[in-house]
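Okay, structure first, notes after.
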Amino acid sequence: MTRGFVDKVVDSAREAGLILLKYREEGFTVSAKEGMEFVTEADLSSEEFLREALTQILPGSSFLGEESWDGTYPKTPYWVVDPLDGTNNYATGIPFFCISIALVDEDGVCLGCIHDPVHSETFMALRGGGAYLNARPVKVSSADKLRDVVVATGFPYTRTPENLTFDLGVLTEFLGLVRGVRRCGSAALDLAYTAAGRYGGFWEENLKPWDMAAGVLLVKEAGGEVTGFREQSWTLQSRGVQCSAPGMWDQFCEVIKKRPHRNEDA
């Protein structure tokens, strides 16, 4: 994968970021999706731009985008894109959202790019090539104790008053052991922050491939440990993710294993 190729991907992510910022300044329409989710005009415009830009960068590639996915996985190579991760934040004026782009080949995710247009931060990883923030190498936290780190999680949009659809017991357990827990509303950025050592770890259930693909590669290339949530490994079909710095991986996993996976805990 050439430097020119990577630069074009980064440029596309940043251009999509400008689209999001323009809509944020000028206004946008909002439509309901399933559960508590919704989609904005900015999501759709960003995805349309990225579909055209990325498939031009790699002729013959396919595109899997959040707003247009039909539930099937295309033949490789294909792009996995979240054109606006953190839509609730974006729509309510909270400055924590991003564009997430991953490229998948026959061996899995080979490129990941997450761009935060508000803070002008671009996270990039190549399989076997390390992880970077604005072209500077990043590593996961060097901490080896849970009490020394802040960790992050997220809450599913499928939750209802009767069933929160995630294991609240895991959150309760972590609250008693770590320096702090954050729920900022963008799984892609949470993974990027873990790769950069800002968080010591991250876990979340009920995610989709576009939420995780780029960020999982970032964490791996930054030296972190990653599996699916309560799974032996992570794949694009995983329904969640758990990851942390290697020095606390056993402790991190033990907290999750300690709590039986029961929705009634919620």
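The values are calculated or read from the model by the stated rules, or taken from the named source; none is laboratory data. Just so you know, these numbers come straight off a predicted model, no measurement behind them. With ideal geometry, Cβ positions are generated from the backbone for all residues, glycine too; neighbour counts draw on all protein chains shown.
Structure summary
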{"item": "Qualifying residue in segment 213-221 (condition: touching a helix residue (DSSP H, G or I) at 6+ places or on another chain (Cβ under 9 Å) and either assigned by TED's automatic domain parsing to the domain that holds A13 or assigned to a loop (DSSP other than H, G, I, E, B) (or both))", "result": "no"}
{"item": "Residue in segment 4-21 that is outside any loop (DSSP other than H, G, I, E, B), under 19 Å from S186 (Cβ atoms), modelled with pLDDT under 95 and not hydrophobic (A, V, I, L, M, F, W, C) present", "result": "no"}
{"item": "Residue among S62, S100 that is of a type in the set (G, A, S) and free of Cβ contacts under 8 Å to residues at least 40 places away in the same chain", "result": "S62"}
{"item": "Subset of segment 231-249 [under 23 Å from A143 (Cβ atoms) and over 15 Å from the mean Cα position of the chain (by Cα)]", "result": "A245, P246, G247, M248, W249"}
{"item": "Yes/no for L18 being assigned by TED's automatic domain parsing to the domain that holds I99 and touching a helix residue (DSSP H, G or I) at 6+ places or on another chain (Cβ under 8 Å)", "result": "no"}
{"item": "Residues (modelled with pLDDT of 95 or more and either more than 23 Å from A131 (Cα to Cα) or touching a Lys or Arg at 6+ places or on another chain (Cβ under 6 Å) (or both)) located in segment 222-236", "result": "A222, G223, V226"}
{"item": "Residue within segment 39-47 that is part of a strand (DSSP E or B) and out of contact with any Cys (no Cβ under 6 Å at 6 or more places or on another chain) present", "result": "yes"}
{"item": "Some residue of segment 72-85 being part of a strand (DSSP E or B) and over 13 Å from A213 (Cβ atoms)", "result": "yes"}
{"item": "Looking only at segment 200-230, and only at residues there that are among the basic types (K, R) and either closer than 17 Å to L111 by Cβ or more than 10 Å from the chain's Cα centre (by Cα) (or both), the one that is surrounded by the fewest Cβ atoms within 10 Å (Cβ to Cβ)", "result": "R230"}
{"item": "Strands (runs of 3 or more DSSP E) completely within segment 122-209 that count 3 or more residues being at pLDDT 95 or above and over 15 Å from G223 (Cα atoms)", "result": "150-153, 180-182"}
